[in-house]
Amino acid sequence: MRKPEDGRRRVVIESVKPEIDCGRFPVKRVVGDTVVVEADLFGDGHDHVSASLLFRRERDRNWQSLPMTAIGNDRWRGNFTVPEQGRYYYTVAGQVDHFGTWRADLAKRIVAGQDVTVDLKNGSLLIAAAAQLAKTRDRARLLEWARLLVEENAGADAKTLALDEGLAGLVARYQDKKLQSRHDKELVVTVDRERARFSAWYEFFPRSASPEAGVHGTFKDCEARLPYVVQMGFDVLYFPPIHPIGHAFRKGKNNAVSAEPDDVGSPWAIGSAEGGHTSIHPQLGTLADFRSLRDKAALLGLEIALDIAFQCAPDHPWVTKHPAWFKKRADGTIQYAENPPKKYQDIYPLDFESDEWDDLWDGLRDVFLYWAGEGIKIFRVDNPHTKAFPFWEWVIPEVKRRYPDVLFLAEAFTRPRVMQRLAKLGFTQSYTYFTWRNTKQELTEYFIELTTDDVKEYFGPNLWPNTPDILPELLQTGGKAAFEYRLVLAATLGASYGIYGAAFELGESAPFKPGGEEYLHSEKYELKHWDLAAPTSLSGLIAQINRIRRDNLALHSNVGLVFHATDNDSLICYSKSTEDGASIVLVIVNLDTVNVQSGWVSLNLTALHQAPDKTFTVEDLLTGATYSWQGPTNYVELSPEKMPAHIFRLTAATLDEASVDDGK
């Protein structure tokens, strides 16, 4: 083994957090966040060490340095803020703290009554060395301190001066860094805008927006629908693909293999003679109509998200222009999509092992760039796990380099490691398994997994109780209460959530076949006409819950989620709070869609910022009722016929209340 570059560097740095896959991938934050960094730092022998957190913006050449604080057992912690979008770098450094070691030993010798004359001289040399690195005013102060320590007849004054906190701080500021150890990686934080973390999505099909049944909707019809979406409190309006739909092998209603002449086909079968991924379905309107819709949505506080599905109908222009982008079968025909035994003859997947992969990547990148140039800064990407991982690792930074505001949502209901890899590669948010987590144990275990350890550093969950592809069994059989409580769970367990619009608020629950999750008369294959004014609509409850989300900062983040015990498995209880306790929300949900459920909750009062054995008030934000509770154990009862959930707001105990039992 070769000698190190400088064997005098004696500090070891280990277990830096956050650090994803040994620094291979960045962690994620939003503007204004604080990045908390921890690491183990220690040296040989008994010498003290000092630790520094180094950070810089990507465009800066010089590092900023902040001291880290020892938190016990050789663990150190520091933090820095990220005030703007972009990439930041950070790392950890440490060195033997000779002055700190000297100062601690001197204090022990003074207590023991030993002669410290020589020790004071040693300290004077250390202070003088720091002075050589100091600025003019500080240099003068340090040199004066160094002189006073060895002044004849200084006596007790010298000892007092030697242990002065101001002196220690000044010397620490001017440590010689030539023997400093540094973590062997420069780690990365990617910082996005606030909507990367906190958002409420509403999905509807533009072609179903017509006020007249059986008539193809237009962007003008969508404009008329905007106030309805805004009234419910959503901030992201998500459209399935808006491009021309293929005619070849078009699917009929309920995914029938043969289409009737008036069947509209699936929006995900993209492309025809009328254009491809950068074209608009002519029945929806023109590009000018789209721009008008985009601008009016923005004026109302709505941001449009577009579905990007990288697949082609057989009559997509790319099929003839770039045939090498598609995989051929043995008979020379292009391979259509399959999930045996299912066949999707109306869709051609792209071949990411094509010899022309480089051109393919550029072509797909240009789709993102085109729509970003049209003001679209949120993309919901269809099935990204069926495209090459290296492509996403390349294309997402490519797009964000030109359009830093762009966010990407991965629609990837796939294996956990695959979903996590997509997040590491740059997807801002991801669909989750929430759709199929129903019991208290399933929900608790899953959300602990999502909000602890390294996963929380890069994976942004977006919770959907339903999608056009998925009508879960619970929503098929649970009635109105199931839709209500799944809404509460999605909107409060996650800082970002979404619903497949009218199908959700109107309680659409009929499956295509028993045991399946496809909708009967699925909107994916036909125009729908929704009665948005139906008295059974959940739009009022949705609007109320979105107001609760906006008004309570604890619900703007996935940090601070704590589960509380209940003595009834049909009741789940959890809370979210800001670190300072300025916002505290406690949620209790009845998971039984038929029966009244009651029981006792055992609260973690520390997590709720409450004083032990003191009365506190919980205000139900759904009903307006208030209750006085005391201590950790309290009784609840929830009826699915009335409202299957409580969303309580609490106020943190004052300092006096919190300290009474400690005798302070």
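Some observations on this one:
- Counting only strands (runs of 3 or more DSSP E) that sit completely within the range 548-599, those holding 2 or more residues that are open to solvent by 30 Å² or more (accessible area, probe 1.4 Å) correspond to 562-566.
- When restricted to residues that are under 17 Å from the mean Cα position of the chain (by Cα) and of a type outside the set (D, E, K, R), the range 563-585 contains 2.
- Residues that are of a type outside the set (Gly, Ala, Ser) and in contact with a Gly (Cβ under 6 Å, 6 or more places away or on another chain) within the range 192-216 comprise 201, 202, 203, 204, 206, 207, listed in sequence order.
- Restricting attention to the range 463-492 and to residues that are acidic (Asp, Glu) and in contact with an Asp or Glu (Cβ under 9 Å, 6 or more places away or on another chain), the residue that is most open to solvent (accessible area, probe 1.4 Å) turns out to be 473.
- Within the span defined as the range 140-152, every residue fails to be assigned to a loop (DSSP other than H, G, I, E, B) and closer than 30 Å to residue 85 by Cα.
- Those residues of the range 458-506 which are of a type in the set (Ser, Thr, Tyr) and closer than 21 Å to residue 572 by Cβ, in sequence order: 477, 485, 492, 496, 497
- Among the residues of the range 328-339, just one is closer than 18 Å to residue 383 by Cα and either open to solvent by 100 Å² or more (accessible area, probe 1.4 Å) or among the hydrophobic types (A, V, I, L, M, F, W, C) (or both), namely 337.
- Of all residues in the range 5-21, those satisfying the criterion of being open to solvent by less than 90 Å² (accessible area, probe 1.4 Å) and assigned to a loop (DSSP other than H, G, I, E, B) are 6, 7, 10, 18, 19, 21.
- Meets criteria (of a type in the set (A, V, I, L, M) and free of Cβ contacts under 8 Å to residues at least 40 places away in the same chain) for residue 543: no
- Filter pass, residue 449 being open to solvent by 10 Å² or more (accessible area, probe 1.4 Å) and touching a strand residue (DSSP E or B) at 6+ places or on another chain (Cβ under 8 Å): no
- In the range 314-346, the residues that are aliphatic (A, V, I, L, M) and over 15 Å from residue 357 (Cα atoms): 330, 334, 337
- Candidates 495, 503, filtered to the one that is in contact with a Lys or Arg (Cβ under 7 Å, 6 or more places away or on another chain) and not aromatic (Phe, Trp, Tyr): 495
- Close Cβ contacts (under 7 Å, 6 or more residues apart or on different chains) running from residues in the range 524-538 that are on the phi < 0 side of the Ramachandran plot to residues that are at pLDDT 95 or above and open to solvent by 90 Å² or more (accessible area, probe 1.4 Å) comprise 525/253; 526/253.
- Filtering 321, 342 for residues that are basic (Lys, Arg), open to solvent by 50 Å² or more (accessible area, probe 1.4 Å), more than 24 Å from residue 203 (Cα to Cα) and over 35 Å from the mean Cα position of the chain (by Cα) leaves a single hit, 321.
Each row is one residue, and each column tells you yes or no for (1) part of a loop (DSSP other than H, G, I, E, B); (2) open to solvent by less than 40 Å² (accessible area, probe 1.4 Å); (3) modelled with pLDDT of 95 or more.
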{"site": "502", "(1), (2), (3)": "no, yes, yes"}
{"site": "509", "(1), (2), (3)": "yes, no, yes"}
{"site": "522", "(1), (2), (3)": "yes, yes, yes"}
{"site": "527", "(1), (2), (3)": "yes, no, yes"}
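- Screening the candidates 130, 107, 134 for the property of being more than 22 Å from residue 47 (Cβ to Cβ), surrounded by 11 or more Cβ atoms within 10 Å (Cβ to Cβ) and modelled with pLDDT of 85 or more yields one hit, 134.
- Residue 81 open to solvent by less than 50 Å² (accessible area, probe 1.4 Å) and at negative phi: no
- Any hit, the range 617-628, residues being within 21 Å of residue 461 (Cα to Cα) and not in a loop (DSSP other than H, G, I, E, B): no
- Qualifying residue in the range 420-443 (condition: among the charged types (D, E, K, R), within 22 Å of residue 18 (Cα to Cα) and either touching a His at 6+ places or on another chain (Cβ under 6 Å) or open to solvent by 10 Å² or more (accessible area, probe 1.4 Å) (or both)): yes
The values are calculated or read from the model by the stated rules, or taken from the named source; none is laboratory data. Remember, it's a predicted structure, so these values are computed and weren't measured experimentally. Backbone-built Cβ (ideal geometry, glycine too); neighbour counts: all protein chains shown. The accessibility values were calculated without ligands, DNA or RNA, using every heavy atom of the protein model including side chains. Shrake-Rupley method; radii C 1.70, N 1.55, O 1.52, S 1.80 Å.
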